[in-house]
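Coordinate-derived values only; no laboratory data. Everything numeric in this text was worked out from a predicted model, so none of it was measured. Neighbour counts are summed over all protein chains in view; Cβ atoms, including those assigned to glycine, are modelled from backbone coordinates with ideal geometry.
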Amino acid sequence: MIILEFKAKGKKHQYSAIDEAIRTVQFIRNSCLRYWMDNKGISKYDLNKYSAVLAEKFPFANELNSTARQSSAERAWSSIARFFDNCKKKVPGKKGFPRFQKHCRSVEYKQSGWKLSPDKKSITFRDNKGIDLRSRFAIGKLKLKGKWDLWRFDKKQIKRVRIVRRADGYYVQFCVQIDVSEELEPTGNTIGLDVGLKDFYTDSDGYAEPNPRFYRTGEKRLKFYQRRVSRKKKGKAVGHATRTANRKKAINKLGRTHLNISRQREEHAKRLARCVIRSRSVGYAESNDLVAYVRAACRRQDLRVKNLVKNHCLAKSINDAGWYQFRKWLEHFGEKFGRVTVAVNPAYTSQNCSECGEVLKKSLSTRTHVCKCGCQLDRDHNAAINILKRALSTVGHTGTWIDRRSRYANVDPNAYGEDTSTLPGSGLDEQATSLK
């Protein structure tokens, strides 16, 4: 599956209707979560039935489309399922007990409740009252602006439609069921990657990719807009309106700046991961059949990013690097092009000698690995070689790449749904809200 995103163009009352629908989605999701907490033995189907009960009890919930209500219940179940999965796997630390959502940013429809125009350049959302402007959910017709061509896909291929609110406007996402795999000829090349802060990564051949540091570059501008927000008065709290008009504008500008930085980081990780898999722009003539990388790039493994950022001297730089996004796209393109990607345990990859295997203790300030056996390498280069060797010893036994279309693929639902990925197989029903 792929996710196609378009900018939605509408009128002010349509945007207000979208906001009202998003608030109702949040209400249904939190109500289902409370229902699960208060009753034992609740399943996914029980939550779907409870969403219908909420529609009968609350008139404003009944105005929302039934498929949108069901999707809200599925969002609650996603967080519950991940909590149970973490408990079953005995994940160290917090297990991610489901929490009530405070800031929902999207509303999701299934295969009903919306209709594409014949030219597929606009979409009309319909609720129980149709497109009656007196309904609070009368979203109506929205124009779609983007570079994708929806006319190539049949309506039956569109499994989910989502409206996302971001700092720079509203977007419509389409989850399209299509095979995007592309097989490449095997070459026998292998590569190991060691992610870091000085360089974004260093591979086993000695190439070091510079770290762009997008947050550090835009930090001055962020501070400027943050000071402007701090100077604005909050105003009196009347319902949901707790901001003055000027404060709301300042917050929007700050949000746009953060959104721009996050998009830069995501696009950089995506392009770089594709280049590593295909090896076109980093000096290789052929593609790599196996790509190994450290497990520190994943938040779901033993060494988590949230544990690394406890070092306050490096926390900002670690968050700015975006290692998990890089790993996510490595696995995506590895699956797309039929390449094997393996995440290895990072323990002692920087301390062990890649030639003789002797353990040489060194601090972060020691940037060169010098061993008695005569091996002298940059510490990151030495670590990348160790990562590749460790991956080659595990291939055929414990790999991390799994065909997500397989019936044996493990589904790990996102508890908070803050990721809007274009990974095939990661349907919109496994995500709750957008990233920004």
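By other beta-carbon atoms within 10 Å, ranking 181, 350, 71, 66 with the fewest at the front produces 181, 66, 350, 71.
Each residue of the range 269-278 is assigned a 3J(HN,Hα), and the resulting list reads 5, 5, 5, 5, 5, 5, 5, 5, 5, 8 Hz, derived from the Karplus form 6.51 cos²θ - 1.76 cosθ + 1.60 (θ = phi - 60°), x at Gly and Pro. The fewest-to-most ranking of 119, 85 by surrounding Cβ atoms within 10 Å reads 119, 85.
Phi-derived couplings, Karplus 6.51 cos²θ - 1.76 cosθ + 1.60 at θ = phi - 60°, listed residue by residue for the range 151-162: 5, 6, 10, 7, 4, 5, 7, 7, 8, 9, 10, 10 Hz, with x used for Gly and Pro.
Counting neighbouring Cβ atoms within 10 Å and putting the fewest first, the residues 313, 375 line up as 313, 375.
Annotation for the range 180-264: GluC sites (Glu not before Pro) lying in DSSP loop with at most 12 further Cβ atoms inside 10 Å of their Cβ are 182, 183.
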